[in-house]
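Working notes, beginning with the structure itself.
The values are calculated or read from the model by the stated rules, or taken from the named source; none is laboratory data. Worth saying up front: this structure is predicted, and the values here are computed from it rather than measured. Backbone-built Cβ (ideal geometry, glycine too); neighbour counts: all protein chains shown. For the accessible areas, the whole protein counts, side chains as well, though only heavy atoms, and no ligand, DNA or RNA atoms are used. Shrake-Rupley method; radii C 1.70, N 1.55, O 1.52, S 1.80 Å.
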Amino acid sequence: MSSLTLAAAEEIIEAAHRRAQALGKAVSVAVVDAGGFPVAIRRSDGARPLTPDIARAKAYTAAVMQRPGRMLKKWQESQPVFFAQLSQLPGAAMPILATEGSVTIQRDGEIIGGLGIAGGTADEDQAIADEVLAELGYELEFAAWGVPGTPAGPGKDA
């Protein structure tokens with residue numbers, strides 16, 4: 001069983017901040033372990049005050065739901081009451097945010113954490129997350145919920 005180390009989390013955060021800076025964006029980046037517990041969170045100079053909390057909720061969602069937020073969107077749209085109730089569960093540490101910029105961290109087929117980016121547009125947050133994880137050798141394909149067969153890649157519907 002792999003784990004997400006502080007060094008790996010800091011590497012992800014550094015790469016994400018470099019990518020965001022290249023886009024002219026001030027973002028917050030959060031990395032959590034597979035249980036949704038924070039490993040590292042960093043807010044860049046100029047990032048809006050709520051972005052660290054948003055990034056953490058995005059990372060938490062990707063880890064505990066074991067799928068990127070983008071893949072969860074249709075499920076959330078079809079069952080909004082269920083998703084609203086998830087955030088109210090006694091064990092829920094954060095709200096569940098099925099949105100862009102929420103990406104599950106997976107290596108060698110094992111889910112080891114979640115990455116959340118907040119501060120750009122939805123598409124910018126997603127692009128930063130996908131590009132950084134791909135650059136660092138993490139897997140970006142996840143099987144659709146309840147559907148055996150070929151995994152869905154980044155941006156594909158689940």
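Things to note:
- Lys, Arg +1 and Asp, Glu -1 on Cβ, resulting dipole of the stretch 10-158 about Cα centre, debye, nearest 20: 420 debye
- Length-normalised contact order of the stretch 54-145 in % [C-alpha pairs under 8 Å, at least 6 apart]: 34 percent
- Here Kirkwood radius over Cα pairs in Å was computed from the coordinates, and among (i) 16.0; (ii) 18.6; (iii) 15.2 the match is (iii).
- Accessible area of the chain belonging to carbon and sulfur atoms, whole % at 1.4 Å probe: 53 percent
- Accessible area of the stretch 1-61 divided out per residue, in Å², using a probe of 1.4 angstrom: 52 Å²
- Packing, taken as the mean count of other beta carbons within 10 Å per residue, orders the peptides 23-34, 120-131, 44-55 from highest to lowest as 23-34, 120-131, 44-55.
- Length released on extending from residue 2 to residue 77, taking residue separation times 0.36 nm less the Cα-Cα span: 23.7 nm
- Scanning residues 5 or more positions from residue 87 or on other chains, those with amide H under 5 Å from its amide H are 96, with H placed 1.01 Å from N in the peptide plane.
- Residues whose placed amide H lies under 5 Å from that of residue 105, excluding near-sequence neighbours: 112, 113, 114, 115
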